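The values are calculated or read from the model by the stated rules, or taken from the named source; none is laboratory data. All values derive from a computational prediction rather than experimental measurement. Here the Cβ is made from the backbone with ideal geometry for all residues, glycine too, and neighbour counts use every protein chain on show. Heavy atoms of the whole protein, side chains included, go into the accessibility calculation; ligands, DNA and RNA do not. Shrake-Rupley method; radii C 1.70, N 1.55, O 1.52, S 1.80 Å.
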Amino acid sequence: MGNSGDKKIKTGVIGLRMGGEHLTAYMNSERYEAVGICDVDTKLLSKKAGLGSFPLVTTDYRELLADPEIELVSVATPDHLHGEQCLAALAAGKHVLAEKPLALTLAECEAIIAGADRSKGMFMVGQVCRFAPGFKLAKHLIDTGMIGDLFFIESEYAHDYEQCPGWQNWRKDPAIKRNGVLGGGCHAVDLLRWIGGDIDEVTAFANHKMMPEWPEPDTTIANLKFKNNQLIGKVFVSISVQCPYTMRSVFYGSQGTIICDNTSPNIQMFSNKVPTAGFARLPVNIASHNITGEAEYFYDVLTGKKKLELTAREATKTISTCLAIVDSARENGRTVKVRNDF
């Protein structure tokens, strides 16, 4: 939280479903003041407007961007709208906290990179796994050598999208062609990139068994070869699992192993450096979507206390990896090189 000397940054939120968590983070922080909200769903907009006294309540995001009082905008709309709205916010000179995925095509991602380079505002992508307490602890333990040198890492994005098709079923819209690897699997891909570095090439397979009425395959498995030639990995993405949502991840090192996810109150670690009979359970808070952590980090970036790591370029590398996985699966496992030069 901020101290009494911090300047409050005035914020607006575009898209109040996922953006509802952004709004809560801003309203509960001493560092921000929420002054504008926007959603095309008038019932949802009215409901969120009742949470506070917002000077601007609108169904038109352009009206929110035109407000000179608003300094920072969260773009938390459906994936296919990110490109247009992020570019407009940057052109308006706003700081932007954009929900993942950055965009659904590399062309849009590169346009956002260029827009961020031109803008006086700063641009951050909310890769929420980097703020989940269990994953943060796992990375700290890995970075400090508790399990030695990594040689194999894996993560999964397992969700049942039949339970959350989105506003007016947008996730299921064949015109959008929203592949689960991009829309949700980008969480697991970004987590592995954060832990293991850039990915050099992928091979993937997919099937379309569980949700054949959806426009894209529902389950994908990919093998990953990292730029670090000593490291390989795997990512599993399914939007049709019949179990509670999870992002179970495992990190194998020369001196131990870590097993963790984003919905459990502990992570498990075995380390040759800590004599135990088996896996030790290390307690963590459960915050699978730690938007508050994102907001607090971005404030520190905007006030010069931290360097921005979650840039448009970094997010584009994750999208590029996801698109390579989709391409490989469509071509029945052809090895695809991942572009990382952004």
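For the reader, a short list of remarks on this structure follows.
- The listed residues are VAL57, VAL13, and the only one of them that is open to solvent by less than 40 Å² (accessible area, probe 1.4 Å), in a strand (DSSP E or B) and more than 28 Å from THR321 (Cα to Cα) turns out to be VAL13.
- Residue within region 160-169 that is buried (at least 23 other Cβ atoms within 10 Å of the Cβ) and either in contact with a Cys (Cβ under 9 Å, 6 or more places away or on another chain) or farther than 30 Å from GLY304 by Cβ (or both) present: no
- Residue in region 305-322 that is outside any loop (DSSP other than H, G, I, E, B), under 23 Å from the mean Cα position of the chain (by Cα) and more than 30 Å from THR11 (Cβ to Cβ) present: yes
- Just one of the listed residues (SER320, SER288) is modelled with pLDDT under 95 and buried (at least 19 other Cβ atoms within 10 Å of the Cβ), namely SER288.
- Given (1) open to solvent by 30 Å² or more (accessible area, probe 1.4 Å); (2) in contact with a strand residue (DSSP E or B) (Cβ under 8 Å, 6 or more places away or on another chain); (3) assigned to a helix (DSSP H, G or I), number of the condition ARG62 does not satisfy: (2)
- When the test is whether a residue is modelled with pLDDT of 95 or more and surrounded by 17 or more Cβ atoms within 10 Å (Cβ to Cβ), LEU87 passes it.
- Filtered residue count, region 187-241, keeping only those that are open to solvent by less than 30 Å² (accessible area, probe 1.4 Å), more than 15 Å from GLU156 (Cα to Cα) and assigned to a loop (DSSP other than H, G, I, E, B): 5
- The number of residues in region 245-280 that are among the hydrophobic types (A, V, I, L, M, F, W, C), in a strand (DSSP E or B) and open to solvent by 10 Å² or more (accessible area, probe 1.4 Å) comes to 4.
- Scanning region 157-186 for residues that are in a loop (DSSP other than H, G, I, E, B) and charged (D, E, K, R) turns up ASP173, LYS177, ARG178.
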